[in-house]
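Below: one structure, written as structure tokens.
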Amino acid sequence: MTKRRFTLKKKNDRKSLAADICDHVVFSLSKEVDNATEHDIGKALALSMRDRLVERMMMTRDRFREAKAKRMYYFSIEYLLGRCLGNTLCNMELLSECEEMFKDIGYDLDEVRESERDPALGNGGLGRLAACFLDSLATLDMPGCGYGIHYEYGLFRQSIQDGCQKELADYWMADGMPMEIARPDQAVMIPLYGRVENSILPNGEYLPMWMDWEDIIGVPYDIPIVGYGGKTVNYLRLFAARASQSFDMEIFNHGDYIRAVQRKIESEMVTKVLYPSESVSFGKELRLVQEYFLVACGLRDITRRFSAQNKNFEEFADYVVIQLNDTHPALTVVELMRYLVDEKRIKWGTAWEITQATCAYTNHTLLPEALECWSVDLLEKVLPRHLQLIYEINSRFLDGVKKKYADDVEKIRRMSLFEEDGKKEVRMANLAVIGSHSVNGVSELHSDLVKRRLFPDFYEMNPEKFNNKTNGVTPRRWLLKSNPPLAQLLTDSVGKKWITDLSELKKIEKYATDTEFRKKFIAAKRKNKIVLSDFIRSTLDIKVSPDSIFDIHAKRIHEYKRQLLNVLHIIHMYLEMIDHGREPFCARTFIFAGKAAPGYWEAKQIIKLIHSVGEVINKDKRTKGLIKVAFTPDYRVSLAEKIIPACDLSEQISTAGTEASGTGNMKFAMNGALTIGTLDGANVEMREEVGAENFYLFGLRQEEVENLLVTGSYHPRGIYEKSPEVRQVLDALRSNRFSPKDPGMFSWIVDKLLMDNEQYLHLADFVEYIETQKIVDREYADPALWNKKAILNTARMGKFSTDRTMREYARDIWNIKALKDLE
Ligand code: 26W
């Protein structure tokens, strides 16, 4: 083996770190050390950490090269990284060192960390999962990097005005991003638009030529991803669109300089802004261009790296695997075919085998409105050569289907890449399925529905392709970093192995009934609740008691996630007290957080409803402070890190069969919250792991939901008539008790909940939900019982570490290994 070229120069002892910080204050920030503010020192610390990551990243690169390791490239249109500084310090095991160092010079590291903006380059679950995966891959010493888009504006910031969501632009780089490394030298050129000229070579070979395209440049920016322990540093490579010099030379040559520059600026629009929805397909040209831009930049980068080491593209899939994070990067299948067939002149059949062996697809949603389709007209305009290739892929694929299933016309229609009813469209999910060697869902239940409901024909034809990979979360960010009091208690009790092997926490099971341990566990939770109470008081001017149950519902606002059901319960509790004089055993603080897609009217109304109900209840002295409602605005990774450790009761109440997995559910339980939930997504497996007696289950099962929906036998009006609880709550909603200034404001909700076609079956689950909430109320009143259950939740969450998830992908789908096992 050749000798490694790169060795580490930077030391991690306090003296070296302090010297580097001073150097950065002077040489990077151009300030005098004596005049540096806390903020300057923080920036200099980040730059000093970047130096350390950069050299480790180079060392990692050399190790991968020498081992000729097969690499996994994760293609995702979103990444929700969250703040970098604290995470880097944590994974480099330098956090307490730096905290002390800051204290010595009279500064507060916490404050510096708080001032970092979250890079919010994602909407929700899908983007955050990608970030957890990257953390685990680096921690496991595996060659796996992320590819994405360097949006200039991330997900909108949410402000609340008069109870309504207002969106603000998120210019996340305003203060610079010290961790990222621009690599203009590795920029790639991406063609778009134009037309295809069909020509025939003298030897009779067909030669399609993509002509008259316009080009955009993709400039990579690398964000180092450090694994726990600091040995492996992978990267997330984000591409920003830049206008090419030659852009529209035609106009330029005609002397219209200003118009030429204008076109140039327009081409940089491609990576301006992240589309802010995770539940409806947009169908917008700019979004299609974004998706292609990601795929084209990523593949150019990968093929260039491959070519530098190996000239034989028939071996491509032995060294490269690409995971498609949902269908947004599904054009990878077509772009890789174009590259192999048009540019490398490889035969179609061989190229198709290479493509399938390279690509793997993960589905993250069952909602029909979120399944992507692109109109043929739009594809023809933006990617004419790709559309031709899609036709060819489809025709060869359908030949195979016909061979197997003879004349089953309906089946052929369903499996085609083209939707022919109405406007002709390409079904991206079908493309992703046929172009991949693996198709996976993200929880047992969801993977089952992917087979049965989403792709039954494809499953019948190639059952071996389909598999499950249950999601997880990284315990580094979601326990070690976000919950210092609990993390310390765990380490004191069982040692620190749990940080990289979460199943180690099983060892605390035996302390579930140990009074001493329980006291410390309660104390840790209380500390976190006090921090959150202070935050709520200072930001919302709502006084909440840390002795009340912190009942938390934090996730995107969507009807299927049923924040409405939670509100119905709050109203019920309030009416019980005020109208019937029935007090709960325990005081409760209902905390909500989450953004609504800007164009999703119902979701925005739900935010308004939460505020309106909160305003009435919080003001009403008759509740004696037993019920409080707080909506913490601008839910994002850093806010989640504050909220989750303080939670007693986690709301995971989606209609069974709608939430693919959920990952917030795992974060809450890991931090010692109990879950009230339906048998949906990963809740099913969480309940299996923690034990049914430590999980508050309610609601219809997925089969029951499906049955009601397909037979059309859901009649909520009947429930309304039979159940006094339902009646009281809905009547109160209609009576304007919660919208005195806007009569009728919420009657749409009552109308909708009473319709037979209300797809999320709120009222079907309502009565059992409030009954289960009563059990919660009684059990919380018994701290020994409650905390025993909470401890067992933390103890039994080992399965839900992304370390386990990544090992499974590596073994079953990617065939990649930890570097340390190859060396
Ligand atoms: C085209 C519009 C669009 C954008 C994003 C459609 C769909 C999406 C995502 C696939 C939605 C998403 O984030 N799904 C979530 O993925 C998580 C990670 O697997 C799961 O835990 C959540 O249950 C699922 O809703």
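Quick rundown of the values:
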item	result
Checking Asp108 against (1) under 24 Å from Leu8 (Cβ atoms); (2) surrounded by fewer than 24 Cβ atoms within 10 Å (Cβ to Cβ), the condition it does not meet	(1)
Test: residue in region 651-660 that is surrounded by 24 or more Cβ atoms within 10 Å (Cβ to Cβ) and part of a strand (DSSP E or B)	yes
Tally, over region 723-747, of residues that are closer than 27 Å to Glu706 by Cα and exposed (fewer than 13 other Cβ atoms within 10 Å of the Cβ)	1
Residues (in a helix (DSSP H, G or I) and of a type in the set (Gly, Ala, Ser)) located in region 605-644	Ser612, Gly614, Ser638, Ala640
Some residue of region 300-310 being within 27 Å of the chain's Cα centre (by Cα) and farther than 30 Å from Lys68 by Cβ	no
Selection from region 557-583 of residues that are among the basic types (Lys, Arg), touching a residue at least 24 places away in the same chain (Cβ under 8 Å) and either away from the ligand (no atom under 16 Å from the Cβ) or more than 14 Å from Ile610 (Cα to Cα) (or both)	Lys561
Qualifying residues in region 262-301 (those that are away from the ligand (no atom under 16 Å from the Cβ) and modelled with pLDDT under 80) - the one nearest to Ala240 (Cα to Cα)	Lys264
Any strands (runs of 3 or more DSSP E) falling wholly within region 73-173 and containing at least 1 residues that are within 23 Å of Arg50 (Cβ to Cβ) and within 16 Å of the ligand (Cβ to nearest atom)	144-149
Total residues in region 76-99, condition on the phi < 0 side of the Ramachandran plot, surrounded by fewer than 18 Cβ atoms within 10 Å (Cβ to Cβ) and in contact (Cβ under 8 Å) with a residue 24 or more places away in the chain	1
Contacts under 7 angstrom Cβ, first residue in region 325-339 being in contact (Cβ under 8 Å) with a residue 12 or more places away in the chain, partner assigned to a loop (DSSP other than H, G, I, E, B) and away from the ligand (no atom under 14 Å from the Cβ), 6 or more apart	Val333/Gly435
Evaluation of Asp170 against (1) in contact with a Lys or Arg (Cβ under 6 Å, 6 or more places away or on another chain); (2) at pLDDT below 95 (one fails), failing number	(2)
Considering residues of region 388-415 that are without any contact (Cβ under 8 Å) to a residue 60 or more places away in the chain and touching a strand residue (DSSP E or B) at 6+ places or on another chain (Cβ under 8 Å) only, the residue surrounded by the fewest Cβ atoms within 10 Å (Cβ to Cβ)	Asn394
Qualifying positions in region 463-498 - of a type outside the set (S, T, N, Q), in a loop (DSSP other than H, G, I, E, B) and farther than 21 Å from Glu444 by Cβ	Gly495
Tabulated pairs, region 261-274, first without any contact (Cβ under 8 Å) to a residue 24 or more places away in the chain, second surrounded by 16 or more Cβ atoms within 10 Å (Cβ to Cβ) and of a type outside the set (A, V, I, L, M, F, W, C), C-beta under 7 angstrom, 6+ apart or interchain	Arg263/Asp248
Helices (runs of 4 or more DSSP H) contained in region 326-422 and holding at least 1 residues over 23 Å from Met209 (Cβ atoms)	348-358, 384-405, 409-415
Some residue of region 502-518 being among the charged types (D, E, K, R), over 26 Å from the mean Cα position of the chain (by Cα) and part of a loop (DSSP other than H, G, I, E, B)	yes
Residues located in region 80-101, provided they are under 21 Å from the mean Cα position of the chain (by Cα) and more than 19 Å from Tyr228 (Cβ to Cβ)	Leu80
Qualifying residue in region 58-71 (condition: of a type in the set (Gly, Ala, Ser) and within 16 Å of the ligand (Cβ to nearest atom))	no
Residues of region 754-784 that turn out to be farther than 16 Å from Gly699 by Cα and part of a helix (DSSP H, G or I), as a count	6
Options Leu674, Leu697, Leu639, Leu679; residue that is within 16 Å of the ligand (Cβ to nearest atom) and of a type outside the set (Gly, Ala, Ser)	Leu679
Test: Arg727 is more than 25 Å from Thr658 (Cβ to Cβ) and touching an Asp or Glu at 6+ places or on another chain (Cβ under 8 Å)	yes
So Phe64, is it in a helix (DSSP H, G or I) and within 25 Å of Gln323 (Cα to Cα)	yes
One residue from Thr327, Thr358 being in contact with a strand residue (DSSP E or B) (Cβ under 8 Å, 6 or more places away or on another chain) and either within 12 Å of the ligand (Cβ to nearest atom) or over 27 Å from Leu134 (Cα atoms) (or both)	Thr327
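The values are calculated or read from the model by the stated rules, or taken from the named source; none is laboratory data. Since we're looking at a predicted model, the values are computed, not measured. Cβ atoms come from the backbone with ideal geometry, glycine included; neighbour counts cover every protein chain shown.
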